[in-house]
1. Run the dipole for the stretch 84-205 about the Cα centre, Lys and Arg Cβ at +1, Asp and Glu Cβ at -1, nothing else charged, and hand back the magnitude in debye, nearest 20.
2. What residues qualify as long-range amide H neighbours of V165, i.e. H under 5 Å apart, gap of 5 or more or another chain, H built at 1.01 Å from N?
3. Please list, in order along the stretch 58-71, the HN-Hα scalar couplings obtained from phi with the Karplus expression 6.51 cos²θ - 1.76 cosθ + 1.60 (θ = phi - 60°), rounded to whole Hz, x for Gly and Pro.
4. Output the pairs from K53/K95; K124/K163; K127/K169 with a Cα-Cα distance over 18 Å in this structure; if there are none, say none.
5. In the stretch 50-201, with Lys and Arg counted as +1 and Asp and Glu as -1 at Cβ, which of these residues, M190, S125, S141, has the Cα nearest the positive end of the dipole, that is, farthest along it?
6. What span do the alpha-carbon atoms of the stretch 82-149 cover on each of the three principal axes, reported in whole Å from largest to smallest?
7. For K127 and R109 in one chain, what is 0.36 nm times their gap in residues minus the Cα-Cα distance, to one decimal in nm?
8. In square nanometres and to one decimal, what's the mean projected area of the convex hull around the Cα atoms of the stretch 46-104?
Amino acid sequence: QPELASIINKGLASITAYEMLILRSRWLGGFGSEKYGDPNVIPFNINEVTFLKKQSWVTVCVTPDGLPFESFNQGKHDGMSRDFLALLTERIGIKTRLYPTGSWQETIRALSERQCDISTLAVKSPKHDAFIKYTSPILSSPMAIITRQTEDSISDLSSLSGKQVAMVKDTAAVTFIRTHYPSIRIFEAMSSRQALETVAQNQTQ
């Protein structure tokens, strides 16, 4: 009966992914959540479910001076990554605790030594691929060039050839500049604040 087959196919097509997820959770179980009817239920596989059941805490490292993206000051996590992390942990049902680091370099070291499980808003860099796994990107942002007010405007990176630029050490931006603009001389600062102070005090040329 071709008409009936067509009716059934159209009926199946009208079922949303959310409704299918509720049905699968109700009848097949698992999937890492008991919240039937919750639109935030995520279909975890069995290995992920097992991991979440065993994992009481996930330890998080935060770049201390990266506002507006993130900061960690006097024990307080602030910035965009705080909101991302709050939403993420609510959705997947885990608890987090912060592992304080004083710089991006300390964060890298903490990740390599497994003192923290994750770092928020890290930028992928081949330099760290040996011990860091990255999620899909959740945020994109242009790279800004900051100069003293007395300097001429900078149209693009190629105009910085032969000049010295202050950048935070061990970041993906440093790797990018050294790979694509080797004629730019890099002063490696330990923090964004130090990089800005170096420029303000005319210590780069």
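1. Dipole about the Cα centre, nearest 20: 300 debye.
2. R185, I186, F187
3. 10, 8, 10, 9, 10, 5, x, 9, x, 4, x, 6, 5, 7
4. Numbers: K53/K95 12 Å; K124/K163 26 Å; K127/K169 12 Å.
K124/K163, as the Cα separations exceed 18 Å there.
5. Projecting each Cα onto the dipole axis, the largest value belongs to S125.
6. So the three principal-axis extents are 47, 27, 23 Å.
7. Gain on extension, K127 to R109, equals 5.2 nm.
8. 4.3
The values are calculated or read from the model by the stated rules, or taken from the named source; none is laboratory data. Keep in mind it's a predicted model, so treat the numbers as computed, not measured. We place every Cβ from the backbone using ideal geometry, glycine too, and count neighbours over all the protein chains shown. Calculation scope for accessible area: heavy atoms of the full protein, side chains included, ligands and nucleic acids excluded. Shrake-Rupley method; radii C 1.70, N 1.55, O 1.52, S 1.80 Å.
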